[in-house]
Amino acid sequence: MLRIADDYEELATRAERRLKRQRQQQQQPKIPINDPKHWRERAEEARAVSDVMTDEKSKKMMLRTAGDYEELARRAELG
């Protein structure tokens with residue numbers, strides 16, 4: 001029962017984060033996809049998601065995704 005309660009707490013935390021992100025996105029103008037800032041924000045989101053993951057394999061995959069986003073940001077800077 002405690003594990004189930006913890007799972008519900010985690011779901012609530014994720015929902016709150018998602019709602020906060022949605023509100024921030026509504027307040028900020030959209031960043032063009034070819035702007036490095038766009039990819040750096042995606043990388044930061046991926047790192048934030050990896051922070052709450054408990055499965056090591058999934059966590060590594062999410063961190064690899066963050067690295068890929070950083071690479072896209074570098075390439076966007078080069079033009």
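The values are calculated or read from the model by the stated rules, or taken from the named source; none is laboratory data. None of the values given here were measured: they were computed from a predicted structure. Heads up, the Cβs are rebuilt from the backbone with ideal geometry, glycines too, and the neighbour counts pull from every protein chain shown. SASA here: full protein model, heavy atoms, side chains in, ligands and nucleic acids out. Shrake-Rupley method; radii C 1.70, N 1.55, O 1.52, S 1.80 Å.
You will find that of Arg3, Arg47, the residue that is assigned to a helix (DSSP H, G or I) and either surrounded by 10 or more Cβ atoms within 10 Å (Cβ to Cβ) or not basic (Lys, Arg) (or both) is Arg47 and no other. Checked against the criteria, Thr13 does not count as of a type in the set (Ser, Thr, Tyr), out of contact with any Asp or Glu (no Cβ under 8 Å at 6 or more places or on another chain) and open to solvent by 100 Å² or more (accessible area, probe 1.4 Å).
Among the residues examined, Thr54 does not qualify as surrounded by 12 or more Cβ atoms within 10 Å (Cβ to Cβ) and among the polar types (S, T, N, Q).
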